[in-house]
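A quick write-up on the structure given underneath.
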Amino acid sequence: MKQKKLYYYLTGAAIAAIVIVFVIYRDLAGINIITKKNNQAIYIPTGSTFEQVLDTLESRLVINNRKVLIWVAKKKHYPALIKPGRYIIKNNLSYNSLINLLRSGKQSPVKIAFSDVSSLNQLAGKIGRQIEADSSKIMSFLSDDSNYASDGFNKANIISLFIPNTYEIYWNTNARGLYMRLLKEYRSFWNDQRLSQAKEKGLDPKEVSTLASIIDDEASKSDEKPRIAGVYLNRLKLGIPLQADPTIKFALNNNSITRILKKNLLVDSPYNTYEHSGLPPGPIGCATISGIDAVLNAEKNDYLYFAARADFSGYHNFSRTLAEHIRYASLYQKELNKRKIFK
C-alpha cells in the first residue's frame, strides 16, 4: 500500500514537473510575441534606458507576459547591454530570441534616398527624416569645413559628395558616420574611367558636379543634357561667361523665378555667371548621375548659345552665332509676355 502511494506521489510530482517545465519553455523559448504587422521595425534610440526599450516594445508588439520578458532580459544582462538601432522583429518570436537579437546589436539597415536638392539645408532636412541624426546635427557637421577639408572638400563644394541615389545605412548612424559612408560611395562612383573622362575635359570631379548641377536645372529633357554640356564646355574653353540662368536663381536664393530679368543679372555674387567667367565656386544643388555623365560624355559641337523654345516643349534652340541666338531668345520672350509671365 505504501509503495502504491509512493508511486502515485512520484507520478504526480513528475507530471507537475513536466507542467512547470512546459510553462517555463513556453514563456522563455516558446512562441510568445506577436507582431502588429509582418516584420515589425523597432527603433531603439541612442541612450535609451531599459524602461524606454520596454515601452517601445510594448507599443509595437503584443507581449503576453511582461514580467517574464523582464526576467529573461535581466538574466541575460540586457539592461546593461542596450544597443541602439533599427531591428526587424519577425512574428511568433520567443522572449529568449527577442532579447538575444536586441543584445547582439544585429540591426537591419534602412534605405535612404534624396533627389531634387538645391542646398545643404534641404539636403540635411531630407536625410534627417530618414535616420536618427536629425537635420540640425547633419547641418552642424556640414557647416564646419574642418570636418572634411582633409578630403579635399570645402563649404562651397561639399554638396558634390551627395550623389542622388538610394543607399543602405544603419538608422543610428551619426552625422560623421553619414559623411564617411557617402564618402566611400563617392570614391566608388568616381572610378578610373570617370576620372579619366573628367581629366580629358580639363575638370576635376567637383568641377564636373558643379557644371552638372547647372545642366540639371537647365534641362527638363534628359536627352538634351549632353548637348547643353557641350555648349558650356565650349564657352569655358573660350573663356566666355557661362551666362547660366540657374546660377542667378541660386545667387538670389529664389528657385521660384521663372523669368530672369536684367535687374537680376546685377546680383553681387560669385555665382553670377553673367559677371564672372568660369565655373562658380561649387554646385548649385546635388548633381544627378545623368547630369554628371552628360558632362563626361558631352556632345562635341560648335554651339555657343541656347534658348528655350517658344512652344514651351521643354526643349531648346541651339545657336552658333549671337545674332541667331537673339532671334530665338526674342521669340521666347514674346511668348512669355503673351502668357503674362513677367517674373
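We did not get these values from a lab; they are worked out from the coordinates using the rules stated. This one's a predicted model, so the numbers in the text were calculated from it and none came from an experiment. Cβ placement follows ideal geometry from the backbone for every residue including glycine, while neighbour counts extend to all protein chains displayed.
So what are the ³J(HN,Hα) numbers for region 332-339, from phi and the Karplus equation (6.51, -1.76, 1.60; θ = phi - 60°), rounded to whole Hz, Gly and Pro as x?
5, 4, 4, 5, 4, 5, 4, 8
On a full-extension model of 0.36 nm per residue, what is the gain between residue 312 and residue 327, subtracting their alpha-carbon distance, rounded to one decimal in nm?
Result: 3.8 nm gained on full extension.
Dividing the Cα convex hull volume of region 144-199 by residue count, how many Å³ per residue is that?
96 Å³
With charges only on Cβ, +1 for K and R and -1 for D and E, what is the dipole size of region 31-104 about its Cα centre, in debye, rounded to 20?
180 debye
By how many degrees, between 0 and 90 and to the nearest 10, does the Cα long axis of helix 95-104 differ from the longest principal axis of the chain?
The angle comes out at about 40 degrees.
Restricting to Cα pairs below 8 Å that are 6+ residues apart, what does the relative contact order work out to for the chain? Please round to a whole percent.
14 percent.
Once Lys and Arg get +1 and Asp and Glu get -1 on their Cβ, which of 100, 174, 280 lies farthest toward the positive end of the dipole of the chain?
The one lying farthest along the dipole's positive direction is 100.
Please compute the length gained on full extension between residue 111 and residue 223, using 0.36 nm multiplied by the number of residues separating them and subtracting their Cα-Cα distance.
Computed gain between residue 111 and residue 223 is 37.4 nm.
Mind giving me the nanometre distance, one decimal, between the label points for residue 134 and residue 200, set 7 Å out from Cα along Cα→Cβ?
Rounded to a tenth, the inter-label distance reads 4.8 nm.
FRET efficiency for residue 320 and residue 261, Cβ-Cβ distance as r, R0 = 25 Å, nearest 0.05?
Efficiency, from the Cβ-Cβ distance: 0.40.
At what distance in nm do the modelled label points of residue 43 and residue 74 sit from each other, each positioned 7 Å from its Cα along Cα→Cβ?
3.0 nm
Among 146, 39, 157, whose Cα lies farthest out toward the positive end of the dipole of the chain, if unit charges sit on the beta carbon of Lys, Arg (+1) and Asp, Glu (-1)?
Farthest towards the positive pole: 39.
As an exercise, use a Förster radius of 25 Å and the Cβ-Cβ distance of residue 59 and residue 174 to find the FRET efficiency, rounded to the nearest 0.05.
Efficiency for this residue pair is about 0.50.
All other residues with a Cβ under 11 Å from the Cβ of residue 319 taken together, and with Lys, Arg as +1 and Asp, Glu as -1, what is their net charge?
Overall, the nearby charge balance is 0.
I'm a student and want to see the number: the projected area of the Cα convex hull of region 65-158, averaged over all directions, in nm².
Spelled out: convex hull of the Cα atoms, projected over all directions, averaged, 8.8 nm².
Using the Kirkwood radius built from alpha carbon pairs, what does the Stokes-Einstein equation give as D for the chain at 20 °C and 1.002 mPa s, in µm² per second?
87 µm²/s
What is the magnitude of the charge dipole of the chain about its Cα centre, with +1 placed on the Cβ of each Lys and Arg, -1 on the Cβ of each Asp and Glu, and no other charges, expressed in debye to the nearest 20?
1820 debye
If you add up the charges near residue 136, with Lys and Arg at +1 and Asp and Glu at -1, over every other residue whose beta carbon is less than 15 angstrom from its beta carbon, what do you get?
+1
Go through 83/106; 249/343; 111/155 and tell me which ones have a Cα-Cα distance over 18 Å in this structure.
111/155
Can you give the relative contact order of region 65-218 as a percent, counting alpha carbon pairs under 8 Å and 6+ residues apart?
21 percent
Over the Cα atoms of region 112-266, what radius of gyration and what Dmax do you get, in Å?
16.8, 49
May I have the extent of the alpha carbons of region 208-343 along their three principal axes, as whole Å values ordered from largest to smallest?
Projected onto its principal axes, the Cα set of region 208-343 covers 38, 30, 26 Å.
Please report the projected area of region 110-189's Cα convex hull averaged over all directions, in nm².
4.5 nm²
Once the principal axes of the Cα atoms of region 31-104 are found, what is the range along each, listed largest first in whole angstroms?
In descending order, the Cα extents are 28, 23, 19 Å.
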